[in-house]
Amino acid sequence: MGAPTNGDRSPVLVCDNVSRWFGGLHALKHVNISVAKGEVFGLVGPNGSGKTTLVNAITGFYPPQEGKILFEGRQINGLKPYRIAETGIARTFQNVALFKGMSVLDNILMGRHIYMKPNPLASLFYWWWAKKEEIAHRKKVEAVIDLLQLESVRDEHVDVIPLGLQKRVELARALSAEPRLLVLDEPMAGMNQEEKEYMVRFILDAQEALGLTVLIIEHHMDVVTAICDRILVLNNGSMIAEGPPREAIADPQVVEAYIGKQRDAA
């Protein structure tokens with residue numbers, strides 16, 4: 001797994017006493033996490049437990065009303081999502097959010113948007129200035145396509161490729177932003193067993209090749225135990241267990257959250 005072996009356990013992401021509510025619904029209740037550099041950290045819990053709300057708080061879509069979120073020591077809650085992306089955080093979404101009608105290559109290129117600054121002079125002197133920049137962006141994207149083995153579909157429209165490949169394209173788009181923290185929201189949702197195994201391999205390959213820290217929401221416990229160094233289990237917005245996956249999953253509160261209390265024998 002991806003935990004650093006060189007002794008560098010400095011926190012990349014810290015959530016300090018994070019709370020978020022929507023009207024009368026308290027979606028996150030004083031959540032604390034610290035994700036170390038190079039770690040694969042999992043968020044686990046039943047539907048509606050607050051996992052995606054926490055990710056949305058981290059990435060700026062629904063900032064917390066209480067608490068602080070720090071990335072590499074800098075407080076980021078309060079920043080707009082595109083500003084947070086510029087700090088070095090990229091994410092994928094639970095429901096595939098690709099641009100329909102565009103090719104795989106063009107979708108992955110969209111991940112470079114944070115580096116593309118509109119410049120009238122660059123357009124005027126395209127052959128000398130803008131073309132050089134365009135070639136540099138394409139080199140980055142081609143490297144990601146090679147890493148995730150998407151060469152065979154690079155020119156296909158995303159509408160016509162299978163879901164498993166669409167999920168891989170979304171991962172590629174996030175990687176093309178050159179993040180230091182990669183946030184994955186249920187990257188295996190809707191996949192069959194073979195597709196899940198491929199995705200696990202590609203995530204770990206990318207994490208190792210690019211030196212990433214990974215925060216992942218995942219429902220499949222076989223994936224969680226295979227890929228995560230540590231996990232946090234949420235239920236009704238509260239933290240109920242944290243630690244190595246097998247230990248946390250076996251916690252009585254976690255078992256109760258998933259299957260309910262066992263009835264006493266009659």
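Any read-out appearing in this document is the output of simple, stated calculations on the displayed coordinates, not a laboratory observation. Everything numeric in this text was worked out from a predicted model, so none of it was measured. Neighbour counts are summed over all protein chains in view; Cβ atoms, including those assigned to glycine, are modelled from backbone coordinates with ideal geometry.
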| field | In the stretch 54-101, trypsin sites (Lys or Arg not before Pro) in a DSSP loop with at most 14 other beta-carbon atoms within 10 Å | value | LYS100
| Within the chain, which DSSP H helices have Cα atoms that stretch 20 Å or more along the helix axis and a mean Kyte-Doolittle hydropathy of at least -0.5? | none
| note | Semi-axes of the chain from the Cα gyration tensor (sqrt of 5 times each eigenvalue, largest first, whole Å) come to 34, 22, 17
| request: List the chymotrypsin sites (Phe, Trp or Tyr not before Pro) within the stretch 31-90 that fall in a DSSP loop (any state other than H, G, I, E or B) and whose Cβ has at most 14 other Cβ atoms within 10 Å. | output: PHE61
| task | Return the calculated 222 nm mean residue ellipticity for the chain, to the nearest 500 deg cm²/dmol, obtained by summing -39500 (n - 2.57) across DSSP H runs with n ≥ 4 and dividing by the residue count. | result | -10500 deg cm²/dmol
| query | What list do you get for LYS29, LYS196, LYS167 if you sort them by fewest beta carbons within 10 Å? | reply | LYS29, LYS196, LYS167
| note | In terms of the charge dipole of the chain, which places +1 on Lys and Arg and -1 on Asp and Glu at the beta carbon, the residue among THR213, ILE203, ALA226 farthest towards the positive end is THR213
| request: Sum up the charges of everything whose Cβ sits under 9 Å from the Cβ of ARG230, counting Lys and Arg as +1 and Asp and Glu as -1, but leave ARG230 out. | output: -3
| So what are the stretch 12-93's ellipsoid semi-axes, whole angstrom, largest first, if each one is the square root of 5 times an eigenvalue of the alpha-carbon gyration tensor? | 19, 15, 12
| task | Provide the net charge surrounding ALA248, with neighbours chosen by a C-beta distance below 11 Å and charges set as Lys +1, Arg +1, Asp -1, Glu -1. | result | -1
| message | Let me check I've understood the local charge: for LEU204, count other residues with C-beta under 14 angstrom from its C-beta, Lys and Arg +1, Asp and Glu -1. What total comes out? | response | -3
| request: Report the charge-dipole magnitude of the chain in Debye, nearest 20, computed about the Cα centre from +1 at each Lys and Arg Cβ and -1 at each Asp and Glu Cβ. | output: 860 debye
| Taking SER103, SER10, SER176 and counting other C-beta atoms within 10 Å, the order from fewest to most | SER10, SER103, SER176
| request: Take every Cα pair under 8 Å in the chain that's 6+ residues apart, average their separations, divide by the length, and report that relative contact order as a whole percent. | output: 27 percent
| query | Among the listed pairs LYS51/LYS80; LYS80/LYS139; LYS100/LYS167; LYS80/LYS100; LYS29/LYS51; LYS80/LYS196, which are separated by more than 22 Å between their Cα atoms? | reply | LYS80/LYS139; LYS80/LYS100; LYS80/LYS196
| What are the ³J(HN,Hα) values, in whole Hz, obtained from phi via the Karplus relation 6.51 cos²θ - 1.76 cosθ + 1.60 with θ = phi - 60°, for each residue of the stretch 217-228 in sequence order, with x given for Gly and Pro? | 8, 8, 8, 6, 5, 5, 5, 4, 6, 7, 10, 9
| field | Euclidean distance of C-alpha centroids, the stretch 37-75 and the stretch 175-216, integer Å | value | 17 Å
